[in-house]
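In what follows, a single structure is set out as structure tokens and then discussed.
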Amino acid sequence: MKWLIRVLALISISFLLLFSASPAQAHVSVVKTVPQYQTTVPQIPEQVVITFNSPLVTLGSKNPNTISVINSDREIVSIGSAVVEGAQISVQLNQDNVVEGDYTVRYRVVSTDGHGVSGSYHFAVGQGQIASQSEEEGGSEHGFWHLHLAHVLEGAAALLLIGGWALYRLRFAPRK
């Protein structure tokens, strides 16, 4: 019976380790997009802005963060370089030859914790268009498992270590 109590205690501790995430280890995630994720706007905006939950890194005049916008004809409509201001990244959009339909916003950013995150989202331009959803979307509500995979792996490794230690103790520990 003692061994069952020990195993249950170890499983409880393992679950606590698995599901408790330190804020210092959390990856950057999307908190707001303009235009909003999967919405339809009547005309193409002047710029696309993505706001994250943590400031983004810039290295002097070098910017490791990128954002591009592609229309339904697969043409890049973003112009110029991405502009980073704290936790926001933005890019200007070409206002010439606007095509109605689905637009894809792709980004790759590096937060101040050094972790890089990439993702995408869609919006539509026109009347009655509905933005489609991609399988590779990022953002807080879309990419939970993508952003927290490292925490799941850390927890699984801790669970394996604790479980292995418990089995070793049960098998080889001196009996009283």
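Since every read-out is calculated from the coordinates, none of them should be taken as a lab result. Quick caveat: nothing in here was measured; it's all calculated off a predicted structure. For neighbour counting, all protein chains shown are included, and Cβ atoms are generated from backbone atoms with ideal geometry for every residue, glycine included.
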Worksheet item: What is the spin-label model distance, in nm, from ASN97 to TYR168 if the labels are put 7 Å beyond Cα along the C-beta direction?
Response: 6.5 nm
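State the extension gain, in nm to one decimal, for the chain segment bounded by LEU161 and GLU75, taking 0.36 nm per residue of separation less the distance between their alpha-carbons. Intermediate results must be reported in sequence, preceding the final value.
Values: separation 86, 0.36 × 86 = 30.96 nm, distance 5.01 nm.
My answer for the length gained is 25.9 nm.
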Worksheet item: Could you give the nm distance between label points at GLU46 and ASP113, where each point is 7 Å from its Cα heading toward the beta carbon?
Response: 3.5 nm
